[in-house]
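Please read through the structure below; I'll follow up with questions.
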Amino acid sequence: MDDSIPTYTAAPDGSLSSEMASAYREAGVIVLHDFVSSEACSALRQRALELVDAFDPATVDTVFSSATDQHQADAYFLESGDKIRFFLEDGAFDESGELKQAKTDSLNKIGHGMHDLDPVFDSFSRTPELANVARGVGFEDPAIIQSMYIFKPPRIGGEVVCHQDSAYIYTEPESCVGFWFALEDATIENGCMYFIPGGHKLPLKKRNYRDESGAIINEILDESPFPEHLKIPAEAPAGTLVVFDGRAPHLSAANHSKKSRHAYTLHVIDQKCCYPAENWLQRGDDLPLRGFDQG
Ligand code: FE2
């Protein structure tokens, strides 16, 4: 496996050169600097803060934990595929049940349907430049299946253990690709992502799905551990887009710093593939899947 993450300045129209596309295929991840303007990053952060303003944390007790997947026991999480819902950090509350930090600095994420339900998120998520990236990484008929606004708040932003997104967003054949936007500078200090370059060539280690009773199953497909000693930090200045294969192993450390690390992600599947009814992430028929075309 190579020991670096391919990093480029984004082309103005978002298109990937043949060198960039082949670097992506080899590493399973590509970092594109200056993909989004600072104005667009600020506008999305502003909109997220407006949504948070209207959210009452007393109405929700679902915390998100990648280590335990305990959030998947809650209908509030499981039914969020076509809604805008708010998930708190594991360490958000003190012993008396009060938030330790400001509301914005207590949230793990907002998910999972903003790109279809909120006009500001919709227009950020659907641009000709993104359509060109999708084409460049091999999509024929892309559809954005989920969006997440990730806060990674100062001091309590939780660790995300090493995983492959296709374990959760599984299609047959596999087609999931993550589009991750740095809305603030992501550094080693505030919990940037790490990737194992070439790790997308490893088998899919796990499948997470609901059985007929609705219970969440984590089926282990491959017992061998991820070679985490090969992980490389993907530091990303605000405005960077990181695109990664659904099989690409990735993780992020806890944020113990004083700086938040806001990011926005889209997960994209190819509609030519089968999307199983047992995936946890589902949406109602009233909200059909859409690709990158606006309107
Ligand atoms: Fe992930």
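Using 1/(1 + (r/R0)^6) with R0 = 41 angstrom and r between the beta carbons of Glu172 and Val120, what's the FRET efficiency to the nearest 0.05?
The pair Glu172/Val120 has a calculated efficiency of 0.75.
Throw me the Rg/Rh for the range 70-113, computed over C-alpha atoms with Kirkwood Rh, two decimals.
That ratio equals 1.02.
Find the accessible area per residue for the range 155-295; the probe is 1.4 Å, ligands and nucleic acids are left out, and the unit is Å².
Per-residue value: 43 Å².
Please build a GNM for the chain, connecting alpha carbons under 10 Å apart, and tell me which residue among Glu95, Glu278, Glu26 fluctuates the most.
Result: Glu95 has the largest fluctuation of those listed.
Something else: So what is the relative contact order for the chain, in percent, with contacts set as C-alpha pairs under 8 Å and at least six apart?
Reported relative contact order: 28 percent.
State the extension gain, in nm to one decimal, for the chain segment bounded by Glu26 and Leu204, taking 0.36 nm per residue of separation less the distance between their alpha-carbons.
Extra length available between Glu26 and Leu204 comes to 62.4 nm.
Evaluate the charge dipole of the chain about its Cα centre and quote only its size in Debye, nearest 20, assuming +1 on the Cβ of each Lys and Arg and -1 on the Cβ of each Asp and Glu.
With only Lys, Arg, Asp and Glu charged at Cβ, the dipole is about 400 debye.
Give me the number: length gained by fully extending Lys258 to Gln70, i.e. 0.36 nm times residue separation minus the C-alpha to C-alpha distance, one decimal in nm.
Length difference between fully extended and current span is 65.0 nm.
If R₀ is 41 angstrom, what is the calculated FRET efficiency for the pair Asp285 and Ser37, using the beta carbon separation as r and rounding to 0.05?
In this case the efficiency is close to 0.70.
Over the range 31-106, what relative contact order in percent results from Cα pairs under 8 Å that are six or more residues apart?
With pairs under 8 Å counted, the relative contact order is 25 percent.
Then there's this: Starting from the Cα gyration tensor of the range 81-188, take the square roots of the eigenvalues, sort them a ≥ b ≥ c, and report rounded, prolate or oblate (rounded when a/c is under 1.5, otherwise prolate if a/b is larger than b/c, else oblate).
It is prolate, given that a/c is not under 1.5 and a/b is the larger ratio.
Further question on the same structure: At a threshold of 8 angstrom on Cα-Cα distance, excluding pairs fewer than six apart, so keeping six or more, what relative contact order does the range 1-69 reach in percent?
31 percent
How much mean residue ellipticity at 222 nm does the chain get from its helices, if each DSSP H run of length 4 or more adds -39500 (n - 2.57) and you divide by all residues, to the nearest 500 deg cm²/dmol?
When only DSSP H runs of four or more count, the value is -4500 deg cm²/dmol.
State, in angstrom, two size descriptors of the range 60-134 derived from its alpha carbons: Rg to one decimal place and Dmax to the nearest whole number.
According to the Cα coordinates of the range 60-134, Rg and Dmax are 15.1, 50 Å.
While we're on this one: Just subtract the alpha-carbon distance of Leu49 and Ala215 from 0.36 nm times their residue separation and send over the number in nm, one decimal.
Taking 0.36 nm per residue and subtracting the Cα distance, the gain is 56.4 nm.
Using square roots of five times the C-alpha gyration tensor eigenvalues, list the equivalent-ellipsoid semi-axes of the range 101-155 in whole Å, biggest first.
Computed over the range 101-155, the values are 28, 12, 10 Å.
For the chain, take the alpha-carbon Rg, divide it by the Kirkwood Rh, and send me Rg/Rh.
Result: Rg/Rh = 0.93.
On to the next question. At a 1.4 Å probe, what is the % contribution of carbon and sulfur to the accessible area of the chain?
Taking all protein chains in place, the chain shows 50 percent carbon and sulfur surface.
Can you work out D for the range 8-118 in µm² s⁻¹ from Stokes-Einstein, where Rh is the Kirkwood radius over C-alpha pairs, the temperature is 4 °C and the viscosity is 1.567 mPa s?
77 µm²/s
List the pairs from Lys83/Lys259; Lys205/Lys272; Lys206/Lys259 whose alpha-carbon separation is above 31 Å, in the order I gave them.
Table pairs above 31 Å Cα-Cα are Lys206/Lys259.
In addition: Roughly speaking, what % of Cα-Cα pairs in the range 167-243 are separated by over 14 Å, rounded to a whole number?
Within the range 167-243, distances greater than 14 Å cover 72 percent of Cα pairs.
Right, something else. Springs between alpha-carbon atoms under 10 Å, Gaussian network over the chain: tell me which of Asp13, Asp82, Asp56 tops the mean-square fluctuations.
With Cα springs under 10 Å in the chain, the top fluctuation among Asp13, Asp82, Asp56 is at Asp56.
Starting from the Kirkwood Rh over alpha-carbon pairs, what translational D in µm² s⁻¹ does the range 191-295 have by Stokes-Einstein at 4 °C and 1.567 mPa s?
77 µm²/s
Separate question: Put a dot 7 Å past each Cα toward the Cβ at Asp3 and Ser15; how far apart are the dots in nm?
3.6 nm
The values are calculated or read from the model by the stated rules, or taken from the named source; none is laboratory data. Values in this document were obtained by computation on a predicted structure and should not be read as measured data. Cβ atoms come from the backbone with ideal geometry, glycine included; neighbour counts cover every protein chain shown. Only protein heavy atoms, including side chains, enter the accessible area calculation; ligands, DNA and RNA are left aside. Shrake-Rupley method; radii C 1.70, N 1.55, O 1.52, S 1.80 Å.
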